[in-house]
Amino acid sequence: MRQKSSLLLAILSISCGFFTFLIFKNYSPPETFIGGGCVILSFDEAEDDILMQETLASGGFKDFVSESSVEVALNDFDYIRMISLDSYRNEVEVFDPRDDGYAARLRAFFVRGGERFFYYHFDDTSTIRGHNLEKQLKEIFPDTPFTLSFLGQRREILWDFILLFSACIGAFILSRSKLSFFFQLPVLLSFGFGGPGGIALAGLLAAIWELLREPFLELSTARRYNQLSSDYSAEEMLGIRERLKPFKPNFLLTFLFSLLFLLLLFLELVPIIPVIIGCSFLCFINYLYFCLESNTARNNRHIPFIPVLLFPLKTKTFSLFPFLLPFALLSLPALILPGFYSFSMENTTTVDQIYLIDPEEYDRHIELAHSFSYKIFNYELNQFMPDEVYLSYFLGEDGLIAENFVAENNRLNHNLSYPPFPLEKLMLFLLNYESVIRPSVNRIPIDLHLKQWGFVMVIWAACLLDFIQPKKKTRKNASIWEGERIAA
């Protein structure tokens, strides 16, 4: 009967683990980018930019930037006007002295080689699902051909499952109750989608249930044997409380581990909903395991052996070491080994550095737009110094010209108030990707987010907490437990 129940519980455990795996897969991105990434969507140059943006917005994609969504500054003599890049040539002729070349440089970033480009830059805390994104784009552009590319350092999630499986096997060997841990194993393995954080979460959950196993077995025994033993007589609740006193270290460590678990969820690098579902399945599976043990004891008419402390000890000494060690040790290579990372995807569109614009170029464009009204065309200087064809001046208190001098090419007025370069993060990422990340395929990602290191620190902190042991106290006038169980 016990073998049949254990087999059914094992099947149920595998089913719960498979369902949790599917939930994690649905909520976790197939491509986990380290240090952020960029999505590049390209169409034929003949496509209408505004129409493409409207179609993307209708499909829920409002974060792509393109020619029609960026602006350039134009001095309109009375004030500085920001106009969209795609309408710049409708406002400014090629011979207009207000054209400083910035608009042409910026347009080449979005339109070149017969293609029109749309960019979406995301940081390392964002989720991006490449396969889902491509499927959605095909739905909103059924008759419009496009090319979709990803730039970034992707994490190979298969290695996370291999490391988590290895950690679970190590913990299974070191567990005091291998049967109980075996039933938890399928659900714990599904946490591999969380990378280093998933390994840490799985380790904390396994530790919590390892700590609660003996107290919960005591409670399940109390439920079944309230009439078979004097331990659970009319004063049942008082007897249960007395029985649970030796497990104070278990409850203290469980509380501390639960706080660490909540801290990992607060870091928000692992999807919360799959974690909650996985925790619920673990509670359900462990409940059935305790019922299985309790029913087995009832059928055998035998109270399971649980050690009782000898006088004068007050609490048990319980240690999870080295149960947690496999999770702590294997969370480190999951974070730092370069073989766990790869770069970009197939058919990747790259951006040559000649098309990238740095923030200083944007600052010069804004400064020139602001100062244009205070410049005088100088024909004589234009003959000999074509790059410095204007004299700049300032107005005095009387409203007349107070000073004039030849403008310096690199002179910037830092007192001007204007919005920051809107494409700065995107440009810096592309510059870093092309010049640093892409050539260094085997580079260890030292720019990992601090939150990911926090996962590893939390599981190692759990290992250190495990060394906390209660002091052995004596009780004056204490009575020896009078139960019929064997004391150990």
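FYI, it's all coordinate maths here, none of it is from the lab. Bear in mind that the values here come from a model prediction, so they are computed numbers and not experimental data. Using ideal geometry, Cβ is built from the backbone for each residue, glycine included, and neighbour counts are taken over all protein chains shown.
Ranked for footprinting exposure by Cβ neighbours inside 10 Å, fewest first, Y79, Y88, Y433 give Y79, Y88, Y433.
Can you tell me the length gained on complete extension of the stretch M82 to R364, counting 0.36 nm per residue apart and subtracting the Cα distance?
100.0 nm is the gain from fully extending M82 to R364.
Relative to the present Cα-Cα distance, how much length would full extension add between N299 and E115 at 0.36 nm per residue of separation? Intermediate values should be presented prior to the final figure.
Numbers: separation 184, 0.36 × 184 = 66.24 nm, distance 7.58 nm.
That works out to 58.7 nm of additional length.
Each residue in F109, F122, F327, F181 was given a count of other beta-carbon atoms within 10 angstrom of its own, and listing them fewest first yields F122, F181, F109, F327. Shown is the FRET efficiency for Y287 and L158, computed with R0 = 45 Å from the Cβ-Cβ distance and rounded to the nearest 0.05: 0.90.
In the structure shown, the pairs K62/K135; K25/K135; K62/K425; K4/K178; K135/K425 are assessed against 23 Å; a Cα-Cα span above that value is assigned to K135/K425.
Any idea what log10 I(q)/I(0) is at q = 0.14 Å⁻¹ for the range 31-154, Debye with uniform C-alpha scatterers and no solvent? At q = 0.14 Å⁻¹ the computed log10 ratios are -0.69. Placing a pseudo-label 7 Å from each Cα along the Cα-to-Cβ vector at E93 and T350 gives an inter-label distance of 4.2 nm.
So, with +1 on the Cβ of K and R and -1 on the Cβ of D and E, and no other charges, what is the size of the charge dipole of the range 31-154 about its Cα centre, to the nearest 20 debye? Present the calculation step by step, with values, prior to reporting the outcome.
Working: 12 positive and 24 negative charges, 106 e Å.
With only Lys, Arg, Asp and Glu charged at Cβ, the dipole is about 500 debye.
Considering all C-alpha pairs of the range 71-118, those separated by over 12 Å amount to 64%.
As a proxy for reagent exposure, T147, T254 were ordered by neighbouring Cβ count within 10 angstrom, fewest first; the result is T147, T254.
Could you calculate the FRET efficiency of L7 with I173 from 1/(1 + (r/R0)^6), where r is the beta carbon distance between them and R0 is 25 Å, rounded to 0.05? All intermediate terms of the calculation are to be shown ahead of the outcome.
On the way: r = 22 Å, r/R0 = 0.90.
That gives a FRET efficiency of 0.65.
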